[in-house]
Amino acid sequence: MRQIPVDTSAASVMVAKPPQPKIKDRRSGEVATDMETGATLMTVEVMFAANDEVELLSVVVPEPGISGEMVMGTPVALTGLTARPWENDFGNGKRHGISFRAVAVTSLVAGASKPKAA
């Protein structure tokens, strides 16, 4: 399926909800893992503001790609953000949407909080 790169250079992105493990199966509670690396997948809710519009996005990121403070309101950078359209066929109709995945989510507070050399 096609992955579409998302340009974040003109956007402001902040954490709306801290990272949570992505659940693969709600009945069993099984946590999703990356098929290539085996890393636990995390979901980070972010506020994505660009072009005078604000969207809340759920972004899936491998756990090693999360760095720095991730509390509500923390400005972050999204590295390698892609969008992927999806569609599921259920007995009572189809559902569709767009899923988002990033290589990394990095707090922008961490760099700013380091003391400067005199």
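The values are calculated or read from the model by the stated rules, or taken from the named source; none is laboratory data. Treat the numbers as computed from the prediction; the structure is a model and nothing was measured. Reconstructed Cβ throughout: ideal geometry from the backbone, glycine too, with neighbour counts over all protein chains shown. Side chains included, ligands, DNA and RNA excluded: accessible areas come from the protein's heavy atoms. Shrake-Rupley method; radii C 1.70, N 1.55, O 1.52, S 1.80 Å.
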- Per residue, how many Å² of accessible area does the range 27-118 show with a 1.4 Å probe? 67 Å²
- Query: When you count, for each residue, the other Cβ atoms within 10 Å and take the mean per peptide, how do 71-79, 45-53 rank with the highest first?
  - Reply: 71-79, 45-53
- Query: If you roll a 1.4 Å probe over the chain with all protein chains in place, what percent of the accessible area is carbon or sulfur?
  - Reply: 53 percent
- State the Kirkwood hydrodynamic radius of the chain in Å, one decimal place, computed from all pairs of distinct Cα atoms. 15.6 Å
- Message: Please report the spacing between the Cα centers of the range 79-93 and the range 2-52 in Å, no decimals.
- Response: 13 Å
